[in-house]
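Inspection log for the structure reproduced underneath, given as structure tokens.
The values are calculated or read from the model by the stated rules, or taken from the named source; none is laboratory data. Everything numeric here is computed off the predicted structure, so don't read it as measured data. Cβ atoms come from the backbone with ideal geometry, glycine included; neighbour counts cover every protein chain shown. In case anyone asks, the SASA skips ligands and DNA or RNA and just uses the protein heavy atoms, side chains included. Shrake-Rupley method; radii C 1.70, N 1.55, O 1.52, S 1.80 Å.
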Amino acid sequence: MKENSYLNVRNGIIEGHLSVSFAQCVALQLPCAIKLIFDHFTARHHHRHRLRFAISPLRGPETTALSPSPPSHPFSYRMEQYWRGSSVNKNEGMVQHLQTYGIIKSKKVAEVMENIDRGLFVPEGTTPYVDSPLQIGYNATISAPHMHAMCLELLENYLKPGMHVLDVGSGTGYLTACFAVMVGAQGRTVGVEHIPQLAEFSIKNIEKSSAATLLKEGSLSIHVTDGREGWPEFAPYDAIHVGAAAPEIPPKLIEQLKQGGRLVIPVGKFCQDLKVVDKNTDGTLNIHSETSVRYVPLTSREAQLRGR
């Protein structure tokens, strides 16, 4: 959050000055951020206001989540990383930062993220512990650490020993390995990835990690397939995580979600929300938006390779 970002109300008009990066303007995330602020404010005050904003583009990194800022104004929202640069150069330090910023609240999530070293799951020459998404080739990314922590926190109660979990768009295998450690050898962890080279890369990464035994013994597996179809062989799943944004929630994933289970999925094209879908024991769904996000699209292999 830049010091010159603010939000005020005068005569029924919401006035704000939002300092954002040039990259975010190019990525068209700005209208989503303004919508987030507007929705947040009107939800608290229960009446309508007009919206007026001044924009100051600032050069800087992109972000994956539009998150509440540290207290400076109660209705301010930040559009930046939780930390940047190379000051954090160890996995333990990354986890400590996530705890400091209040992203990790659970002891179990902290333990699993300390256990699975993110540095083993990124391409050589990159900075694994900086709070930023990283390109992994094939028009795909590994999400920023704060997004991984957020998803683990949202799914923690559905990742207990013996449970089944599906990771759609498993990419480098990082979050899949975290899931596997949480559900253990008595559980079942399935990662699906439609780019064969990334699936192979993820297997090699997992083999170097503390989840290697689970992969070798078969409770953790990686499969090459269209993630929108899920993986029915080991359904129903207590937890399903999707690492790319779908225009709408894929019906096959709802079908494969266990009654009493939870699905976490980014939804949207232009503006995206991280949706939390809880399936009740009678099969009905409760859906809420956790935060606004920016993910690569969940699409076909061909479209992804074309960059669409």
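For segment 87-126, filtering for residues that are within 21 Å of Ile206 (Cβ to Cβ), open to solvent by 20 Å² or more (accessible area, probe 1.4 Å) and β-branched (Val, Ile, Thr) leaves 1. Evaluation of Val242 against the conditions (1) touching a residue at least 40 places away in the same chain (Cβ under 8 Å); (2) open to solvent by 30 Å² or more (accessible area, probe 1.4 Å); (3) β-branched (Val, Ile, Thr) shows that the sole unmet condition is (2). All of (1) open to solvent by 30 Å² or more (accessible area, probe 1.4 Å); (2) closer than 22 Å to Ala140 by Cα hold for Phe234 with one exception: (2).
Residue count for segment 158-189 satisfying the condition of being outside any strand (DSSP E or B) and either open to solvent by 30 Å² or more (accessible area, probe 1.4 Å) or touching a His at 6+ places or on another chain (Cβ under 8 Å) (or both): 15.
Look at segment 191-216 and say how many of its residues are farther than 17 Å from Ile116 by Cβ and either out of contact with any helix residue (DSSP H, G or I) (no Cβ under 7 Å at 6 or more places or on another chain) or of a type in the set (Asp, Glu) (or both). Residues meeting the conditions: 6. Residue-level analysis places Ile203 among those that are β-branched (Val, Ile, Thr) and farther than 26 Å from Asp273 by Cα. Evaluating Leu155 against the criteria (1) buried (at least 23 other Cβ atoms within 10 Å of the Cβ); (2) assigned to a loop (DSSP other than H, G, I, E, B) leaves one unmet condition, (2).
Residue check: Ser292 meets all listed conditions (1) under 19 Å from Leu152 (Cα atoms); (2) open to solvent by 40 Å² or more (accessible area, probe 1.4 Å); (3) in contact with a helix residue (DSSP H, G or I) (Cβ under 8 Å, 6 or more places away or on another chain) but one, namely (2). Sub-6 Å Cβ pairs linking a first residue in segment 128-150 that is under 16 Å from Gly169 (Cβ atoms) to a second residue that is among the charged types (D, E, K, R) and not in a strand (DSSP E or B), at least 6 apart or interchain, are Ala144/Asp131, ordered by first then second residue. Figure legend. Inter-residue proximity from segment 225-236: first residues farther than 15 Å from Thr189 by Cβ and touching a residue at least 24 places away in the same chain (Cβ under 8 Å), second residues open to solvent by less than 50 Å² (accessible area, probe 1.4 Å) and polar (S, T, N, Q), beta-carbon distance below 7 Å, spacing 6+ or different chains. Indicated pairs: Asp226/Ser300; Pro232/Gln256.
Quick one: count up the residues across segment 127-152 that are part of a strand (DSSP E or B) and either open to solvent by 50 Å² or more (accessible area, probe 1.4 Å) or not β-branched (Val, Ile, Thr) (or both). Here the count works out to 4.
Of all positions in segment 195-216, at least one carries a residue that is closer than 26 Å to Leu305 by Cβ, touching a residue at least 12 places away in the same chain (Cβ under 8 Å) and not in a helix (DSSP H, G or I). Consider Thr299 carefully, then state whether it is closer than 27 Å to Pro133 by Cα, modelled with pLDDT under 95, touching a strand residue (DSSP E or B) at 6+ places or on another chain (Cβ under 9 Å) and part of a strand (DSSP E or B). Considered against the rule, which asks whether it is closer than 27 Å to Pro133 by Cα, modelled with pLDDT under 95, touching a strand residue (DSSP E or B) at 6+ places or on another chain (Cβ under 9 Å) and part of a strand (DSSP E or B), Thr299 comes out as no. Of the residues making up segment 147-201, those that are more than 18 Å from Arg262 (Cβ to Cβ) and of a type in the set (Phe, Trp, Tyr) are Tyr174, Phe201.
A quick yes/no check of all residues on (1) closer than 30 Å to Gln135 by Cα; (2) in a loop (DSSP other than H, G, I, E, B); (3) at pLDDT below 95:
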{"site": "Lys252", "(1), (2), (3)": "yes, no, no"}
{"site": "Lys258", "(1), (2), (3)": "no, no, no"}
{"site": "Leu263", "(1), (2), (3)": "yes, no, no"}
{"site": "Lys269", "(1), (2), (3)": "yes, yes, yes"}
{"site": "Lys275", "(1), (2), (3)": "yes, no, no"}
{"site": "Asp278", "(1), (2), (3)": "no, no, no"}
{"site": "Asn286", "(1), (2), (3)": "no, no, no"}
{"site": "Ser292", "(1), (2), (3)": "yes, no, yes"}
{"site": "Tyr295", "(1), (2), (3)": "yes, yes, yes"}
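Within segment 250-277, residues that are within 20 Å of Met147 (Cβ to Cβ) and in contact (Cβ under 8 Å) with a residue 60 or more places away in the chain sit with their Cβ atoms under 9 Å from residues that are buried (at least 17 other Cβ atoms within 10 Å of the Cβ) and acidic (Asp, Glu), at 6+ positions apart or across chains, in these pairs: Arg262/Asp238.
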